[in-house]
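Each value in this text was obtained by applying a stated rule to the coordinates, not by laboratory testing. This structure is a prediction, so every number in the text was calculated from the model and none was measured. Cβ atoms come from the backbone with ideal geometry, glycine included; neighbour counts cover every protein chain shown.
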Amino acid sequence: MNRENKKRKYDKKYFRRHPCTDAFTCKECGWLVVTGGAGSRHRNHCPNCLYSVHLDNKPGDRSSECHGRMEPIGVGVRKNGEWAIIHRCKICGKISSNRVAADDNPMKLMALALRPFGSQTISHNDIKNMTITMEG
Ligand SMILES: [Zn+2]
Ligand SMILES: [Zn+2]
């Protein structure tokens, strides 16, 4: 009986010390996104498909009520040499750029970088197929 009590206490403490409030499931591909491994505390997009969610009006404020999926439409390099993913919200069309995280899917980043910005020559499906082939 003592043993059981101890175990229960330990479990409760464990979950209190390890809150998973920052983890979320990607709306696009179902990937469980956790903050660890990103090399940054601001994990705002899925490392697997690079989709983000429209949560912020200003970076980090979490005050947007849109909550639309944000499609990665391109990759850019900031003035300081940092790579950023350009996201566009599928609901309201807001465009934002987010720092590339350490564990982002490099193949997806490559495909994005090769995609002509704003061009209609290559369709979304072609890009999807291309990345599937690259991953295979
Ligand atoms: Zn995803
Ligand atoms: Zn939006």
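With the crude spin-label approximation of a point 7 Å out along Cα→Cβ, what separation in nm comes out for Lys128 versus Cys92?
2.6 nm
Ranked from highest to lowest mean number of other Cβ atoms within 10 Å per residue, what is the order of the peptides 102-115, 47-60?
47-60, 102-115
What number comes out for the charge environment of Gly68, summing +1 per Lys or Arg and -1 per Asp or Glu over other residues with Cβ under 14 Å away?
With Lys, Arg at +1 and Asp, Glu at -1, the net is +1.
Tally Lys/Arg at +1 and Asp/Glu at -1 over every other residue whose Cβ is under 12 Å from the Cβ of Arg88; what's the total? Before the final figure, lay out the partial values.
Working: positive: Arg69, Lys90, Lys94; negative: Glu71.
Once positives and negatives cancel, what remains is +2.
If r is the Cβ-Cβ distance from Met107 to Arg78 and R0 is 25 Å, what FRET efficiency results, to the nearest 0.05?
Between Met107 and Arg78 the formula returns 0.70.
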